[in-house]
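Read through the structure below, which is laid out as structure tokens, and then see the notes.
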Amino acid sequence: MTTPLEIRGSDVPGQDRILTPDAIEFIGRLARGFGPRREQLLARRREIQRRLRAGALPDFLEDTAGVRSADWRVASSPPDLTDRRVEITGPVERKMMINALNSGARVFMADFEDALSPPWTNVVSGQANCMDAVQGTLEYRSPEGKRYALGGELATLVVRPRGWHLQEKHVLLEGRPVSASLVDFGFYFFHNARELLARGSGPYFYLPKLESHLEARLWNDVFNEAQDALALPRGTIRATVLVETILAAFEMDEILYELRDHAAGLNAGRWDYLFSVIKNFRDRPEFVLPDRGQLTMSVPFMRAYTELLVRTCHRRGAHAIGGMAAFIPSRRDAEVNAHALARVREDKGREARDGYDGAWVAHPDLVPVVQEVFDEVLTGRAHQKDRLRDEVAVTGKELLDVRVPGGRITDAGLRSDVSVALQYLEAWLRGSGAVAINNMMEDTATAEIARAQLWQWIRHGVHTEEGAPVTLERVQGLLREEVGRLELAASGTTRLADAAALLEGLVAAPEFPEFLTLEAYEKLA
């Protein structure tokens, strides 16, 4: 007799619809079948980290050269994932989901990962909200009485589960937390797959933070098992993989190959990609990066990665989806809007001209801006997969050459990293994972860059352009200043003290903490 799953979370709204006996047994089936392989792959990650810290460098794999040279293609796109010129992202919160689905974007990525703080109530209510969205009944009434409801033409729903490294502490198997990836994927798939198919769509996913094709193979096996369990044809699921780690950049072909019957495309996850570069090569002075604001998609190593992604995708018949436009338009400052929208047009115009089939936005007001940019290039087509970019030939050296012409580390960049990481962590501890800071939508990925840079700059004893060294004591001083400033501006109870203690621990740690969410998760209320 198999050991049943144990649910330890307190009672939360929506649980009667989500935590059904059959759904819990389905999650248990996935956890028992794939939990051990997940643990092995996480151990493999740690071994690769040890090699990198000992001086190794990643490269294209010799034993999969045949996959890269062979002629094969991924499964064809289903109709509602064929045109992806604008995709909007956001957490699985009712009002934001309604606005995103009604935004005019072709795709909405409902995010259980970087844009979601995962208290148990958020996880369960997010699943209930997704069920309502699939059934077309999602609605919200604000405290002021304003009603929000779904319109007639909706974005195609795609769900991003949490990454392989995360656990769900409220769902246990034999006393141990179950993979958060399997919890998020499993509940959504079990409750919605058949309904989605009946409505002419399907169970579509974004897969985050993969570091190898072996991790893609695990997802593919999970998909097959899930489809078999519900007696659905294999290949029903479609998945787009975020290439947001430097290690995955060397295995894009192989990742698509492992998922070929389920693959929809690859996405250039720019912020986590930058975080991955810092994390994997944190001990090496040649990998010290300048201010986050200078790490644009046009710097050489980011150009190499993004151009390789387009070439890889289109050679295999997959969509290439560009990075995030995270600007939040101001309701009061037209000058700020004009400057930022010009940068969005420039960034998305470059991606469209490079061959991307679409790009992400974080706010509904950006949908028409980015759509116009892609409309100009697509000229009536749904995508531009026919642009094979055969002229692109990216070497491993180019992917790893992180020199930024004119790159600078400044006092302003240092303070910005402290402030953004602090504000984000404070909001995350209160249960909000998508946070507007300085007219930008920040999520876990940008906070990861900020705290990782602080750790890196301290360890390498860098000096800012103004001449002062970056020390732990200096960062602690800036942290106290930012806490004081934010406390004066706060209108209610905050968790600034907890966030400051967490951030100080992250940047002062002798060994680099792998993910801030692993540290912060234990401090959630």
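Quick note: the coordinates plus some simple rules give every number you see, no bench work behind them. What you are looking at is a predicted structure, and each value in this text was computed from that prediction instead of being measured. Here the Cβ is made from the backbone with ideal geometry for all residues, glycine too, and neighbour counts use every protein chain on show.
Brief remarks on what is shown
- Helix-only [θ]222 nm of the chain, DSSP H runs n ≥ 4, -39500 (n - 2.57) each, per residue, nearest 500: -15000 deg cm²/dmol
- Protection proxy ranking of 310-318, 22-30, 224-232 - average other beta-carbon atoms within 10 Å, highest first: 310-318, 22-30, 224-232
- Counted over the chain, the DSSP beta bridges are approximately 35% antiparallel.
- Here the extension length gained between GLN49 and ARG403 equals 125.2 nm, from 0.36 nm per residue of separation less the Cα-Cα distance.
- J(HN,Hα) series, segment 53-58, from Karplus relation 6.51 cos²θ - 1.76 cosθ + 1.60, nearest Hz, glycine and proline x: 5, 7, x, 5, 10, x
- Peptides 420-433, 332-345, 264-277 ordered by average Cβ neighbours within 10 Å, highest first: 264-277, 420-433, 332-345
- Listed by chain and number, the lysines whose C-alpha is less than 23 Å from the C-alpha of LYS95, apart from same-chain residues fewer than 8 away, are LYS146.
- Efficiency of FRET from Cβ geometry, ALA198 and ARG17, R₀ 25 Å, rounded to 0.05: 0.90
- Note on GLU391 and ARG284: with the Förster distance fixed at 30 Å, the Cβ-Cβ geometry gives a FRET efficiency of about 0.45.
- Exposure proxy ranking, count of Cβ atoms within 10 Å, fewest first, for VAL462, VAL159: VAL462, VAL159
- Only Lys, Arg (+1) and Asp, Glu (-1) charged, at Cβ; the chain dipole about Cα centre in debye: 260
- Between the alpha-carbon centres of segment 201-216 and segment 316-342 there is a gap of 25 Å.
- Applying 0.36 nm per residue to the separation of ALA508 and GLN135 and subtracting their alpha-carbon distance, the gain on full extension is 129.5 nm.
- Burial ordering of THR156, THR306, fewest other beta-carbon atoms within 10 Å first: THR156, THR306
- Distance from the alpha carbon centroid of segment 237-256 to that of segment 64-101 works out to 12 angstrom.
- Considering only SER77, GLY413, ALA434, the residue lying farthest towards the positive end of the dipole of the chain is SER77, judged by Cα position with unit charges set on Cβ.
- Model label points for ASP71 and THR379, set 7 angstrom from Cα along the Cα-to-Cβ axis, are 2.8 nm apart.
- For the peptides 320-331, 247-258, the ranking by packing is 247-258, 320-331, with the highest mean count of neighbouring Cβ atoms within 10 Å listed first.
- Altogether, the Stokes-Einstein calculation at 4 °C and 1.567 mPa s, with the Kirkwood radius of segment 369-525 over Cα pairs as Rh, returns a diffusion coefficient of 71 µm²/s.
- Modelled FRET efficiency - R0 45 Å, ALA229 with ALA338, Cβ distances, 0.05 increments: 0.30
- Here the relative contact order of the chain, from alpha carbon pairs under 8 Å that lie six or more residues apart, stands at 16 percent.
- Relative to the Cα centre, the charge distribution of segment 411-523, modelled as +1 at Lys and Arg Cβ and -1 at Asp and Glu Cβ, gives a dipole magnitude of about 180 debye.
- Karplus-derived 3J(HN,Hα) values for segment 372-386, using 6.51 cos²θ - 1.76 cosθ + 1.60 with θ = phi - 60°, are 4, 4, 6, 4, 4, 8, 6, 6, x, 7, 7, 6, 10, 4, 6 Hz; glycine and proline are entered as x.
- Entry note, segment 411-523: relative contact order of 33 percent, from Cα contacts under 8 Å with a spacing of 6+ residues.
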